[in-house]
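Worksheet: the structure to be examined is printed underneath.
Bear in mind that the values in this text are calculations on the coordinates, not laboratory data. Just so it is clear, the structure is predicted and the values come from calculations on it, not from any experiment. Using ideal geometry, Cβ is built from the backbone for each residue, glycine included, and neighbour counts are taken over all protein chains shown.
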Amino acid sequence: MTGLVLAVALGLGAYGVAVLEHWASTGRFRVAGPAISALALLGRESILPRKPDRLFFETAPVLLLVAAVLSLAVLPLAPGLIAADLATGALAFNAALAYVLVALIMAGWGPDGAYGMIGGWRFLGQLIAYAMLVVMPITAVAMRAESLSTVQIVASQEGLWNIAYQPLGFALFALAGMAMAFAPPFDLPTAAGDLAGGVEAEYTGVRRLVFRLGRMVLILSVASAMTVFYLGGWLGPWLPGWAWSAAKILAVASAMLLGGRMVPRLREAALLEWSWKLGIPLALANIFIVGLIVLVVPT
Amino acid sequence: MSELTQYAILFALAVGIVGLVLSLYALARAIGRNKPEPGKDVPATAGQLSRDPVWVRYHARYYGYALLFLAFDMEMAFMYPWAVVYRQEGLVALLDMGVFLAILFLGLLYGWSQGALRRQ
Amino acid sequence: MSAQLFFLAAFGLAAVWFGIVVFRTHSMVRSALALLFSQTAIGAMFLVMQAEFLGILQIMMMATEMSIMAIFMVMFMMDPGGLGEMDMKHQRKLSLGAGAVAFAGAVAVAFLAEWGRLPASIPGAAEQVRLLGLELLGRSMLIFESAGLTILTAMIAATAVAVQPPQVPDRPAGGPGAAGTHGHGGHGGHGAGGHDHSEHGDHAGQDHAGHDHSGHDHGGHDHAKHAHAKHDHEGRGQEKHQAHSGHEDHGGHEGHGEHGHAAHDQAGKDHGGQAADSDDHAGHDHSGHDHGGHDHDHGKDHGKDHGKDHRKDHGHGAERDRPAPAKAPPGQHRKGHEENGT
Amino acid sequence: MTMEGAREFTPLPIFGALRRLVAGALARDLRALVVPGPDVARALGLDLEAAGLIPAEGPRQASVLVVIAPLPGKLRDAASVAYAQMPRPRALLALGGNKLSPLPAPDISAEPTQAGLETAMRQLRALISHASFAERVSEYSAPTVQSRIVYTCPMHPEIVSDEPGNCPKCGMFLVPRETSAALQPPAHEHGTSSMAAAAIAPDAHDANPDHAHGSEANSYTCPMHPEVISDQPGNCPKCGMTLVPAGKDENHAGHGHDHSAHHHHDSQAGANSYTCPMHPEVTSDQPGNCPKCGMTLVPAGEGENHAGHGHDHSAHHHHDSQAGANSYTCPMHPEVISDQPGNCPKCGMTLVPVEEASTGGPGDHASQGGHDHAAMQEGEETGWLERIEPGFMSMVEMTQGAPRSSDGLQMEWITVPFGPFFPGLPGGLVVEFLLDGDTVVEARTTSLAGRGDLLAEGPMPAAGFVDMLGARMPLAPVSYRLLACRAIESAAGARPGAETEAARDAALARERAASHLLWLAQLGRQLGLPRIESRAAALHRTLRRADPQDLRAQIPAIRRLSRQLAAARLLTRRLRAVGDLPDPAAWTGPAGPDHSAAGRLAARLADMEQALEAAAAAPALAIPAVQEIGAASGHGHAMIETARGTAHLHVTLKAGRVSSARLQTPSAAHVALVGPLTAQHELADALVAVASLDLDPWEIDA
Amino acid sequence: MSAELLTVVMIGAALFGTGIYGALSQTNLVMIMMGIELILAAALLNLVAFWRYLHPGAMEGQMFVLIVMTVMAVEMAVGFAVAISRFRARGSVEMEEARELKG
């Protein structure tokens, strides 16, 4: 039974994110927009490049979708509503999202196109920038919760949400999460302005539909991770648990998609430099601060 | 439920998604066929055909960061178990990890001073 | 428990098959990703053996590390795409023999050794992580710290060997102020006064949005409103410190107010000698329950920036810092030791 | 009704309803690739988003190709390439004229006005929802997309020949490689002079025209300029070197990139002596095989006079034993051993003699000697005792020629076109970067929108000349009409009335402001700021045909936009480090104290506001039209400040008709800035720098 | 002697053999490091198997696995650094050309 509820929640959530993304990119809020474009993609030809690495070209969209869905599977939406409550859930979320990079390298390298290849290797540079800034804030969250299990982490935020408990960690995780989901302004691998679609340039038809579905689920997964780790998951005074989760996730997703488009696209050199020279010192500092607070505050 | 069943659920989820995607491909194939035409399958570069293979030795300019990342990444493996038992162990744990993090941070500072943290 | 055995064998064979593909395929990226999936299969075997933390750690670490190996292979191997079907092997017979001998030796040990009884029970996943944590801080503390030292030596060795010290002092491409060759000496901060910092000639403006995004905040529920408010706020932000490298104020939104970066003083001390720029705690209009001093012109960043701030004219010369290649034009680089092919 | 770009389907019983549903979705999700570019569409006042067309990033994401107004030949060819690469079902919408030769007949054609576009969209939706799937569909093919197989050597791609054979430099089998058919100098063109073949315009179809052209066995080429091909020996028109049989003697360009323009080594006049590429000390006066390694000798002219590389090859070579060795192996496939010289059966390279099992070999040769490699595949009969030094494809040889990047590594560079329809670059401008990783090493900018000289069909009446010049420049029609009017009036000596002059200046000022808004929209598209793009495009639309009262009403909105942009710290930081003009003197466009892209943004914003005030203050606005000048004749010159810089026009009138005209446009001058502006920059910065120059491809005749 | 332990050790042996073959047969430094990674992965596998099937109580086994992972990461970092410097100096990382390590 929970499997069915989870599947419906995943579908609705992905569709909600798709509507937000359609609104952010085309400026018009059309609820039917993503459905129409999905059907249209289903109807278009799916062109195979002439001498591609066919294995890479075919597995990239599927791997992206599988990684995004698995990362969502370890995040709780309501007290009992979680696909796989692992004891090291926070780690599993990060492990699943490491394969987004593998999918993008495959998508970039496979079709033997210049834009795609440059986009793929750029995303590896982007990973080197954001990887540490995803891991260290999660460690700080685990320090407070004394466990890596996502359900425990949400339960530990009973009194005070983590955004208030460790705001620096939240800021870093928010930015690194957007970089992980390559949402603008971190859309280096699929930049429209300088790579004309980058890694997804060569995908048309149903393969492109799977690729975009993977991206939507990825944004949904990053938004729900932010909710679970920092905004107290399903905790909330009046509404039932799942309603709070849904509201928070959609709010975070809309902030990511709409806020992100107000800033010009970043350069990979600047992203690397800022994350290694400012981000990592701040993340280490965040761990120390949380360490002190955990000892001082009795709860 | 026991951990093994959770792993089985995750594995089944992955296989299910692959099955869903394959059925989507089959549906698309039923809707229409691809028609190979000249020039259609050449990687598209904004209105021109780029026929030459681009699988060349790509010069990634971030190898300074990559080297430091490879070593720095291991810190994460040690930090997770520490984080779980941190509250129980108290200040000693903080000092332990403080030493560990300071050591790694020295490596980062050294890389920074030697110009590894820049676009080579 | 035949299910565990079946999955162990399945993932094991997958791991071995990918291991073999690593050396049989001509395309370098395929070979690197084959090794990646071989490691992932080994991680899955760890999960089947109920060592959850190690399994997930293996799956995660190997994905990023093997991708980095892929880029290095593409950088240094003759024909990364495998189009030329080049055969990059030598002393074939010897290695085949050595491999067979190694396999035979290990199998012999496997069969001949007396392994002893199977354990009654094994700790649960959460218990394992806790025990490993206690082990880390308890008996294996020395190993843990020596691992840290090993990593430190690796970082220093890798940097010393591979990275050419920059010809021009390492000015960041818009980064938060780099030490460059003159280390992280504490720099008297310019003080966060002045709403708009003097033109950092060399501090070529690179989008500083990296990690102290000024544009928008992602916390709290009512984001959409804040995001817009934030943007206009920024527009009007003359009276507000617009530190170009400081942590942009996320304070635009009420509710949880700006999360201070008390860390900055903390981090300032970590940087060793970094004069914490205390005078720049300019007030900021946000409800504060944050944890102490908060400021938006990171003393330490500013300290670093201003300290090595070069006036605009100075920055102009040939080694003017361009964002991407924070170095002089190539001509200047090609000193004696490298001939220029063209 | 049938659609040319429909998609084939096999009629299955149950999927008919789904196919209709999908066709309906296709009709509503229209993604348009605008040829020549969204900026031309906006300049004509078309609002594609309002009409329901979502802009597509490239041909792969597009389902409708919107072709605007008559296009020059090269743009039509590029459009046919884009059309061929669009996935079916695809539609072709032509606005303002429908003779688009390589493209098929347009499915829908209409006038280039918003009303025309709206009606066309309705027809298009009806057509797609009904005819997007068809049982039988005809294949679309155009000369620009045909491909031809040439044979090239994997190790020396500059060697191209039409039939399989051995690479003259390393003897390997030539592998088939696909290249565009149009590149081949038509073999049947023997009659024409040799120069005809040489002057092959940079081919827009094949991404890298600098590859050596297909060379027939009997044609001769110049070692320094491979594009120079002639049918009989003689001297190269460009550098005077004697032409050598093509395909045999190619310039030793580094692997994968062609530096013909850079090679300055001056080979002797007659290439009479031959040397071995791997052993420069071996010279002989007639072609043959090098005694030391058996490679075919090449004329000394281009042989080893690379810029002196420190590597001393001989030290590396393992097969430097004398001819006395009795067994030969292939450098690429060490397992192939044979007793007499010949070609390797697997890859065709000439087999090289193998060193004797030298007992006291220097260095660790001996240690290697001990290994036993005897039992190779195919049961070669060589004795197993004899140690075979496994010759192998030495990577040093491959990277030895490559120039070093700024961090000392010798990497391979690829030529990547950022072609005519690139999102963020002006439509019709082709910027071809030679990329080292993602750093630009060299940039070549060409425009496909140039239309050759002004008076192609002979002298024109004055009014016709003004209209022609206005129509030729869709991005700045008023400026060039005014330029033409002023030049003709100065030639005819006529003085226009004061208020027509004021009205014309007001129209010019309005167009300057509108052109800057157009540029802002394009910059927003490139940097990923959709809000800035849509606001600038909307303001541009209202400004384009506004009279002074509307202009005055628009001033506050435009001032708010420009203040917001000036205050956007992240935008200015992003642009500050980009596009620093090496010599500001060459820049005639709006410029402030700071010569970077941020400075130009600020200058354009200031110029926009100031032009807007001037236009709003004017009593009336009038599109410049030439008065009656009768049968005057004489020579005239005019110079005006367009939004992109100063444009000059020299005109000579003969009896009221314009007999000769010379136009100097700002963009033609600014194109030369792209090279120094983008050298050693990251790709994203280079593209922003090119966008910050605000080049107008229609003004560039390259 | 449990069947699972035997399977895992056999697979570890197979990986070990493949790693040895790879490390010895390849001409390129980076490919040799791939072989070494496989050997270390085989060691990892055996370690976890021994921890799981023989001494689940002793957490030193898991600690040792972390150390072997650190060795893998450190080995890759230093190996690539050597590869970069060789490539910068010599233009190739082929082991055949590394015969003379002089400057």
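Data table
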{"read-out": "Computed E for C:L118/A:V8 - FRET, C-beta separation, R0 60 angstrom, nearest 0.05", "value": "0.90"}
{"read-out": "Cα gyration tensor, segment D:446-691 - rounded (a/c under 1.5), prolate or oblate", "value": "oblate"}
{"read-out": "For segment A:29-177: rounded, prolate or oblate by the Cα gyration tensor [a/c cutoff 1.5]", "value": "prolate"}
{"read-out": "Packing-based exposure ordering (other Cβ within 10 Å, fewest first) of C:L96, A:L284, A:L104, D:L518", "value": "C:L96, A:L284, D:L518, A:L104"}
{"read-out": "Exceeding the 20 Å Cα-Cα cut-off - candidates D:K74/D:K99; B:K40/D:K99; B:K35/D:K99", "value": "B:K40/D:K99; B:K35/D:K99"}
{"read-out": "Likely footprinting exposure, D:R563, D:R573, C:R117, fewest C-beta neighbours within 10 Å first", "value": "C:R117, D:R563, D:R573"}
{"read-out": "Overall form of chain B per C-alpha gyration tensor (a/c, 1.5; a/b vs b/c)", "value": "oblate"}
{"read-out": "Cα-Cα pairs of segment D:7-144 separated by more than 20 Å (percent)", "value": "44"}
{"read-out": "In segment A:1-86, the trypsin sites (Lys or Arg not before Pro) that fall in loop regions by DSSP, at most 13 other Cβ within 10 Å", "value": "A:R28"}
{"read-out": "Extended-chain gain in nm, criterion 0.36 nm per residue less alpha-carbon gap, D:R122 and D:A17", "value": "35.5 nm"}
{"read-out": "Order of A:W121, A:W23, A:W161 - criterion: other Cβ atoms within 10 Å of each residue's Cβ, fewest first", "value": "A:W23, A:W161, A:W121"}
{"read-out": "Relative contact order, percent, chain A [alpha-carbon distance under 8 Å, six or more residues apart]", "value": "26"}
{"read-out": "Dipole magnitude of chain B about its Cα centre (Cβ charges: Lys, Arg +1; Asp, Glu -1), debye to nearest 20", "value": "760"}
{"read-out": "Pairwise FRET efficiency - C:H26 versus D:E135, Cβ, R0 = 45 Å, nearest 0.05", "value": "0.60"}
{"read-out": "Pair A:L160, E:E60: separation of 7 Å Cα→Cβ label points (nm)", "value": "4.2"}
{"read-out": "Filtered GluC sites (Glu not before Pro), segment D:116-157: DSSP coil and at most 14 other beta carbons within 10 Å", "value": "D:E135, D:E139"}
{"read-out": "Convex hull volume per residue for segment B:62-120, taking Cα atoms only, in Å³", "value": "66"}
{"read-out": "Nonlocal amide H pairs with D:M460, under 5 Å, H built at 1.01 Å", "value": "D:V658"}
{"read-out": "Inter-centroid distance (Cα atoms) of segment A:160-199 relative to segment A:205-268, Å", "value": "11"}
{"read-out": "Sparsely packed trypsin sites (Lys or Arg not before Pro) within segment D:34-102, loop by DSSP, other Cβ within 10 Å at most 16", "value": "D:K99"}
{"read-out": "Chain B: DSSP helices with Cα axial extent of at least 30 Å and average Kyte-Doolittle hydropathy no lower than 1.0", "value": "B:3-31, B:91-113"}
